[in-house]
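The values are calculated or read from the model by the stated rules, or taken from the named source; none is laboratory data. It should be emphasised that the depicted structure is a prediction, and the values quoted were computed from it without experimental measurement. Here the Cβ positions follow ideal geometry from the backbone for every residue, glycine too, while neighbour counts run over all protein chains shown.
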Amino acid sequence: MVDIKIASTDNIPQIQSVASNTWWATYRDILSPEQLDYMYDMMYSTESLTEQMTVDMHTFYIAYFDGQPCGYVSMVKEQDNHFHLQKIYVDPEFQGKGIGRKLIERAFQHAKENTPLNEECVVELNVNRKNHSLHFYEKMGMKIDRQGDFPIGNGFFMCDYIMRISL
């Protein structure tokens with residue numbers, strides 16, 4: 001059974017555990033080991049996750065399968081009706097069980113709940129142009145809106161599509 005719960009800073013170790021199982025599996029064929037290590041440290045250190053949750057106001061949800069943390073999603077509100085889906089990952093051991101669908105549906109629900117009444121909301125997501133998950137996002141109704149190469153420091157870039165859905 002899949003249960004999705006909002007996360008707090010108390011859940012950072014669970015997010016880090018799932019991230020350590022997903023990060024290299026997702027990107028090892030796309031990014032260099034040096035960029036993987038740099039980005040992982042930048043995004044998943046305890047300090048970074050704490051700042052994302054408390055300063056940057058990212059909302060995290062964790063998926064549990066039979067009580068075991070197995071995935072997460074994070075969102076940030078950028079404007080009254082515009083949201084950015086920052087992260088969505090499912091542990092490879094749990095993929096194919098509908099967990100990713102439930103997480104993205106929860107993210108979409110979060111966006112709708114936090115948009116002024118009767119207004120359409122927009123959710124965007126950056127996804128690496130070589131990421132195999134592109135088809136999943138398209139199945140969830142997202143479309144490629146634009147693309148860019150974004151510097152992230154240390155001479156590295158994120159070469160992404162920006163996908164978008166109006167809800």
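The table that follows gives values for the structure above.
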quantity	calculated
Of residues in region 8-43 being within 14 Å of the chain's Cα centre (by Cα) and among the β-branched types (Val, Ile, Thr), the one nearest to MET158 (Cα to Cα)	THR26
Residue in region 37-54 that is exposed (fewer than 13 other Cβ atoms within 10 Å of the Cβ) and more than 22 Å from VAL76 (Cα to Cα) present	no
Options PHE65, PHE157; residue that is within 22 Å of LEU36 (Cα to Cα) and among the hydrophobic types (A, V, I, L, M, F, W, C)	PHE157
Criterion: in a loop (DSSP other than H, G, I, E, B) and among the acidic types (Asp, Glu) - qualifying residue of GLU119, GLU124, GLU78	GLU119
Positions within region 82-116 being among the polar types (S, T, N, Q), assigned to a loop (DSSP other than H, G, I, E, B) and crowded, with 18+ Cβ neighbours inside 10 Å, in sequence order	THR115
Tally of residues being part of a helix (DSSP H, G or I), hydroxyl-bearing (Ser, Thr, Tyr) and touching a residue at least 40 places away in the same chain (Cβ under 8 Å) across region 25-59	5
So PHE136, is it in contact with a Lys or Arg (Cβ under 9 Å, 6 or more places away or on another chain), surrounded by 14 or more Cβ atoms within 10 Å (Cβ to Cβ) and in a helix (DSSP H, G or I)	yes
Residue ID - farthest from TYR27 (Cα to Cα), chosen from residues in region 118-129 that are more than 16 Å from the chain's Cα centre (by Cα) and either surrounded by 17 or more Cβ atoms within 10 Å (Cβ to Cβ) or not acidic (Asp, Glu) (or both)	ASN118
Yes/no for PRO151 being touching a strand residue (DSSP E or B) at 6+ places or on another chain (Cβ under 7 Å), surrounded by fewer than 18 Cβ atoms within 10 Å (Cβ to Cβ) and either farther than 22 Å from ALA25 by Cβ or touching a residue at least 12 places away in the same chain (Cβ under 8 Å) (or both)	yes
So ILE144, is it crowded, with 16+ Cβ neighbours inside 10 Å and either free of Cβ contacts under 8 Å to residues at least 24 places away in the same chain or part of a helix (DSSP H, G or I) (or both)	no
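Table: residues versus (1) modelled with pLDDT under 95; (2) closer than 20 Å to ASN131 by Cβ; (3) out of contact with any strand residue (DSSP E or B) (no Cβ under 8 Å at 6 or more places or on another chain); (4) not β-branched (Val, Ile, Thr).
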| site | (1), (2), (3), (4) |
| --- | --- |
| GLN16 | no, no, yes, yes |
| ARG28 | yes, yes, yes, yes |
| ALA63 | no, yes, no, yes |
| VAL73 | no, yes, no, no |
| LYS77 | no, no, no, yes |
| TYR89 | no, yes, no, yes |
| ILE99 | no, yes, no, no |
